Amino acid sequence: MIKQFIYKLQYLGLTLFLPIASFAQDSIMVATDTSLVENRPEKPTLKIGGALRFNYNLSTWKKEQVKRGGDFGLDMFRINADAAFKKLDLHAEYRFYSKDFGGGFLKEGYVRYHVDNRTQLDFGLVQNPFGNTTYNSHNWFFNLPYYLGFEDKFSMGVKFHQQRNRWVYDIAFFKNAMELNFGDQTETDPSRYSYDVAGRNKEVNQGNIKTAYMLAEDKQIGISGMIGGVYNIPTGNMGTRWAAALHTDLTFGKLNVKLQSMYYHYNPADSAGFNSTVDLAAYGSSYTVAGKAAIHTASFSYKQPVKIGPVTDITFYENYAYMQKPQQGYADTQMNVAGCMIAAGNLVTYIDWAAGKNQPWLGPEWQNGLAQGNPDAKWHSRFNINIGYYF
């Protein structure tokens with residue numbers, strides 16, 4: 001675990017912490033306070049952090065970009081805030097992307113109440129307890145469930161978390177996706193981090209339950225379920241959606257293995273011709289996805305400590321996903337990412353070779369790749385380097 005050096009400033013009873021670094025996967029987050037409830041701070045504390053990331057990519061299906069030798073530019077700038085007072089915590093992360101990728105938006109933000117040392121309540125824009133969390137992948141691109149709204153997804157609601165002996169329980173209710181427009185028949189705004197139902201429909205009144213059994217501190221198996229409503233804007237009727245998953249996250253020394261199989265089904269109350277697919281939106285734009293599918297993922301990583309100048313370790317990974325669409329005439333989707341993460345103090349670099357077939361972000365099949373797809377689609381790839389400084 002990377003150490004944090006913290007500067008402390010006393011001002012009007014408020015303790016301000018400026019963390020140098022704290023690392024996780026794509027969204028390098030401030031570590032959750034795991035101290036005992038009775039030892040929590042008696043005075044309000046605040047931790048401020050963030051990141052600045054730049055990105056280089058070379059995509060095989062973009063012929064003119066290939067001629068230029070790829071493009072290098074801004075990925076994202078973000079600010080994190082973590083506060084604590086007695087049994088209460090607050091966590092928030094706001095991100096700034098380019099206008100074409102949604103501009104600025106809140107990735108996550110919630111208040112946490114520590115009932116006791118093993119029980120917590122989160123309220124606000126909260127991560128959905130479904131599948132392997134926080135991530136079902138190791139690379140910068142995540143894995144296919146993310147692009148369908150089932151990995152590192154955040155919604156507006158409340159979550160109950162408890163650990164008893166070897167069992168971990170998460171129960172949550174989400175009123176809706178993060179709402180930015182409070183109109184009567186407004187569509188979901190695409191300026192968001194999580195992929196949410198958009199276009200003609202809105203996701204509402206969602207319930208999640210997740211149970212995991214800890215084989216050891218770094219080994220767990222679990223099952224997840226989700227059920228909710230799909231409000232159709234043109235008709236004013238309510239449809240349904242549900243999903244279920246089996247998942248495991250196992251660490252053997254330097255090797256980590258994440259396996260997951262899931263199935264989802266949307267039943268929108270829309271007119272004929274619109275009830276076999278739904279639209280999802282994030283990062284400023286939307287695309288269409290199949291109304292039902294099974295998704296199988298296998299993610300492997302190997303962390304190797306090194307001493308190469310400032311580099312302290314290199315994590316190699318191979319992450320694969322397959323989306324099976326049962327509808328007649330629909331072409332399946334595949335995704336594979338191989339690469340490594342290089343950690344050098346506050347600087348973290350992802351080097352990925354990402355390939356996809358009917359994957360919107362990895363090929364020309366943007367609007368329909370995750371829906372009917374193209375039966376003649378070929379594999380396309382993107383060489384990507386993401387460089388981030390986390391403070």
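The values are calculated or read from the model by the stated rules, or taken from the named source; none is laboratory data. Please read all numbers here as calculations on a predicted model, not as lab measurements. Cβ sites come from the backbone with ideal geometry, for glycine too, and all protein chains shown count toward neighbours. Each accessible area value is taken on the protein alone, full model and side chains, heavy atoms only, with ligands, DNA and RNA left out. Shrake-Rupley method; radii C 1.70, N 1.55, O 1.52, S 1.80 Å.
Condition check: free of Cβ contacts under 8 Å to residues at least 40 places away in the same chain and either over 25 Å from Ala51 (Cβ atoms) or touching a strand residue (DSSP E or B) at 6+ places or on another chain (Cβ under 9 Å) (or both). Does Asn346 satisfy that? Criteria not met by Asn346. On inspection, Asn136 qualifies as in a loop (DSSP other than H, G, I, E, B), closer than 30 Å to Gly339 by Cα and not small (Gly, Ala, Ser). The numbered conditions (1) on the phi > 0 side of the Ramachandran plot; (2) touching a residue at least 24 places away in the same chain (Cβ under 8 Å) are all true for Asn165 except (2). Would region 300-318 turn up any residue that is more than 19 Å from the chain's Cα centre (by Cα), in contact (Cβ under 8 Å) with a residue 60 or more places away in the chain and either open to solvent by less than 50 Å² (accessible area, probe 1.4 Å) or under 30 Å from Leu106 (Cα atoms) (or both)? Yes, region 300-318 has at least one match. Scan region 105-133 for residues that are of a type in the set (Val, Ile, Thr), open to solvent by less than 10 Å² (accessible area, probe 1.4 Å) and within 23 Å of Val337 (Cβ to Cβ) and the total you get is 0.
Any residue that is of a type in the set (Gly, Ala, Ser), in contact with a Ser or Thr (Cβ under 6 Å, 6 or more places away or on another chain) and not in a helix (DSSP H, G or I) - is there at least one of those in region 307-320? No: region 307-320 contains no residue that is of a type in the set (Gly, Ala, Ser), in contact with a Ser or Thr (Cβ under 6 Å, 6 or more places away or on another chain) and not in a helix (DSSP H, G or I). Counting just the residues of region 354-371 that are in contact with a Ser or Thr (Cβ under 7 Å, 6 or more places away or on another chain) and part of a loop (DSSP other than H, G, I, E, B), which one comes out nearest to Tyr56 (Cα to Cα)? Across region 354-371, the extreme among qualifying residues is Gln359. For region 149-171, the tally of residues that are surrounded by fewer than 23 Cβ atoms within 10 Å (Cβ to Cβ), farther than 16 Å from Gly222 by Cα and among the hydrophobic types (A, V, I, L, M, F, W, C) stands at 3. The set of residues in region 84-102 that are part of a strand (DSSP E or B) and not acidic (Asp, Glu) comprises Ala84, Phe85, Leu88, Leu90, His91, Ala92, Tyr94, Arg95, Phe96.
Of the candidates Tyr350, Tyr283, the single residue that is at positive phi and of a type outside the set (Gly, Ala, Ser) is Tyr283.
For Ala245, the criteria (1) surrounded by fewer than 16 Cβ atoms within 10 Å (Cβ to Cβ); (2) closer than 19 Å to Phe142 by Cβ hold in every case but one, which is (1). For Val197, the conditions (1) open to solvent by less than 40 Å² (accessible area, probe 1.4 Å); (2) touching a residue at least 12 places away in the same chain (Cβ under 8 Å); (3) over 25 Å from Phe142 (Cβ atoms); (4) hydrophobic (A, V, I, L, M, F, W, C) are fulfilled apart from (3).
Scanning for something under 30 Å from Ile79 (Cβ atoms) and open to solvent by 20 Å² or more (accessible area, probe 1.4 Å), does region 350-371 turn up at least one residue?
Yes.
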